[in-house]
There are 2 protein chains.
Amino acid sequence: MSELRQDRTTGARVIVAPERGHRPRQPAAPAPSPAPGFDPACPFCPGNEGELPGIIAEAPSAAAPGWRVRVVPNKHPALRPLPPEEAAPADATLPGHGFHEVVIESPRHDAALADLSDGEIATVLSVYHDRFVALAGRPRIRAVVLFRNHGAAAGASLAHPHAQLLALPTMPPGVQSQIDWAERRFRERGNCPVCDELARERDDARRIVEERRHFAALVPFAATCPFETWLVPKRHQASFAEIDADELAELGPFLRDALRRLRRVLGEVPYNFFVDPLGPAETGQPHLHWRLRILPGLVRPGGFELATGLAINPSRPEEDAEALRGADGGS
Amino acid sequence: MSELRQDRTTGARVIVAPERGHRPRQPAAPAPSPAPGFDPACPFCPGNEGELPGIIAEAPSAAAPGWRVRVVPNKHPALRPLPPEEAAPADATLPGHGFHEVVIESPRHDAALADLSDGEIATVLSVYHDRFVALAGRPRIRAVVLFRNHGAAAGASLAHPHAQLLALPTMPPGVQSQIDWAERRFRERGNCPVCDELARERDDARRIVEERRHFAALVPFAATCPFETWLVPKRHQASFAEIDADELAELGPFLRDALRRLRRVLGEVPYNFFVDPLGPAETGQPHLHWRLRILPGLVRPGGFELATGLAINPSRPEEDAEALRGADGGS
């Protein structure tokens, strides 16, 4: 029987309909032949810096020879910085002030996040965090979105491994309504809804994939798609900006291993991941608690999802978690 | 320069970013070779009725020889009817009570909605309307969603032309918040927001594609994707259930011709369309006014859209409308 489940941390609803019988398990397509380590036409490959609009940061710092991770402006930005006098709203239009950056996660064109070494993935995460904090501090920024698209079907237009940050001058209405929902829930119950949910999930255990010292990986109760996975910090913290050094050091390999588990179970599939979008105003709030959400792209949303904003998940979260627990996250 | 535009009828926001330079105009792929008129493996083709879970209705009625349009239960329903004693909510779970129907729009496997005759498309629309009204009247139904997925990339799992209706026991939160937004706007201004928007668009004319006696076709001010097109009834009416016979007779060919315009400009592309999802409680409301929304699937949403619910439209609505106005909607 299908169920309409409600996410107890955001209020979002989802139709969990495993009877639909489309339950994807096997790779939808054979793994693509590996890309070469260098593509002369790729603007993100070393040596092709002439194609970049600039370089914002490198890690290790530019003084050291070579780079592991590089931050560049998006060449086709969705938003760009505007001076205050050009950013005044008019009727139903707000000028597109903001920042749009790309994190190039490796000099190697064919690198996969799931295959990086501990040191490499640690550098990636520390650059994610640096840029998240830097953009949240820019003038007239209300929300920072850190996201990654893997595979053309997940919206990636370049194959070279990269993530993006988009800093917005306004809180998206859909995010604001989830923040409001969490605040009401906090007022009613006196606890952070994510802390509550994590306690309930650890108690129940069916949807937990793996726990380490600072983080838990789980398939959420109201997963919006098959094999949706959350990485949740155990310590209460509203925003990714608030992560501490020990937690950040654990998160890199934990994320890599979560992606490996997905690959072991599903094969090479497109996916998106993102960190809950928040801005400076939300830092330190008792009702908010960030997550990193990974969404494999196994089912295509259609007109129903566009019309309602309601996801139909043809997979049972408890079974997805069981399959992921059984898969090795190691190299 | 990009703009954050707000839809003045729903409150939804979109980033209009034509600078991104991905503006799609040409067909993304060559038109697929036409399917045959009959596919022995297709459950919707005449003669394969053994594959159907049942037949709910036919038009012309079953007494006449042959059928033009047939309504069947979805074989893998997202929701199914439950007796009241099984439909009680528990904590964050609501049992999946509802109805999921498929409208087979032609006996011909290779028929395209854009190529139907006036009589054929009129029958399709009248069946859409009959089922919309019938499902809205079922017990414990709060919203009916009429939608169509065209092409595998738009979520269609079968090629035979069909639309779907899904009747839900709860109003989706995203739809409810748009209803609430429209109600607030109505209270502030004393007019239906869609009537207001339509008057403004007719006055402005840049985004109008075509007008007939009862309907206008336009690219909305805050279009969520390239070439999004709305078909809007000129007379105020909250719900598709309230359309009158003259309006319904005009809507069929108007919809077909709108799809033809899209095909002339874009080639064979996947698309979704849907009628604003509403239920019996919304009928007759002064602040609501239904539309049929057509969304060509030219851009793939990625992690940003998943994280924020905010669309990035790389196309300028005014230019899309101009291109569609210049395309012939005739056969």
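The values are calculated or read from the model by the stated rules, or taken from the named source; none is laboratory data. Since we're looking at a predicted model, the values are computed, not measured. So basically every Cβ, Gly included, is an ideal-geometry build from the backbone, and we count neighbours across all protein chains shown.
Note on region B:312-328: among residues that are in a helix (DSSP H, G or I) and small (Gly, Ala, Ser), the one that is surrounded by the fewest Cβ atoms within 10 Å (Cβ to Cβ) is B:326.
Restricting attention to region A:290-311, the residues that are at pLDDT 95 or above, at the interface with another protein chain (Cβ under 7 Å from one of its Cβ atoms) and not in a helix (DSSP H, G or I) total 1. Each residue in region B:99-122 was checked for being among the β-branched types (Val, Ile, Thr) and over 19 Å from residue B:240 (Cβ atoms), and 1 of them qualify.
Within region B:123-137, can one find any residue that is charged (D, E, K, R) and over 18 Å from residue B:244 (Cα atoms)? Checking region B:123-137: not a single residue is charged (D, E, K, R) and over 18 Å from residue B:244 (Cα atoms). In the set (1) more than 10 Å from chain B (Cβ to nearest Cβ); (2) out of contact with any strand residue (DSSP E or B) (no Cβ under 7 Å at 6 or more places or on another chain); (3) more than 28 Å from residue A:118 (Cβ to Cβ), residue A:75 fails one condition alone, (1).
Residues of region A:154-170 that are within 13 Å of another protein chain (Cβ to nearest Cβ) and either surrounded by fewer than 19 Cβ atoms within 10 Å (Cβ to Cβ) or under 16 Å from the mean Cα position of the chain (by Cα) (or both): A:154, A:155, A:156, A:157, A:158, A:162, A:163, A:164, A:165, A:166, A:167. Answer yes or no: is there a residue in region B:272-288 that is surrounded by fewer than 23 Cβ atoms within 10 Å (Cβ to Cβ) and either more than 21 Å from residue B:194 (Cα to Cα) or within 10 Å of another protein chain (Cβ to nearest Cβ) (or both). There is no residue in region B:272-288 that is surrounded by fewer than 23 Cβ atoms within 10 Å (Cβ to Cβ) and either more than 21 Å from residue B:194 (Cα to Cα) or within 10 Å of another protein chain (Cβ to nearest Cβ) (or both). When residue A:171 is tested against the conditions (1) more than 24 Å from residue A:220 (Cβ to Cβ); (2) hydrophobic (A, V, I, L, M, F, W, C); (3) in contact with a strand residue (DSSP E or B) (Cβ under 8 Å, 6 or more places away or on another chain), the lone failure is (1).
Among the conditions (1) within 25 Å of residue A:310 (Cβ to Cβ); (2) of a type in the set (Asp, Glu); (3) crowded, with 21+ Cβ neighbours inside 10 Å, residue A:196 misses just one, which is (3). Residue selection: residue B:266 satisfies the criterion of being more than 29 Å from residue B:196 (Cα to Cα), more than 14 Å from chain A (Cβ to nearest Cβ) and of a type in the set (A, V, I, L, M, F, W, C). Among residues of region A:1-15 that are more than 7 Å from chain B (Cβ to nearest Cβ), those with a beta-carbon under 8 Å from a residue that is surrounded by fewer than 22 Cβ atoms within 10 Å (Cβ to Cβ) and part of a loop (DSSP other than H, G, I, E, B) at least six positions away or on a different chain give the pairs A:7/B:92; A:14/A:7. The residue pairs whose first member lies in region B:188-202 and is touching a residue at least 60 places away in the same chain (Cβ under 8 Å), whose second member is assigned to a helix (DSSP H, G or I) and surrounded by fewer than 15 Cβ atoms within 10 Å (Cβ to Cβ), and whose beta carbons are closer than 9 Å, counting only pairs six or more residues apart or on different chains, are B:196/B:189.
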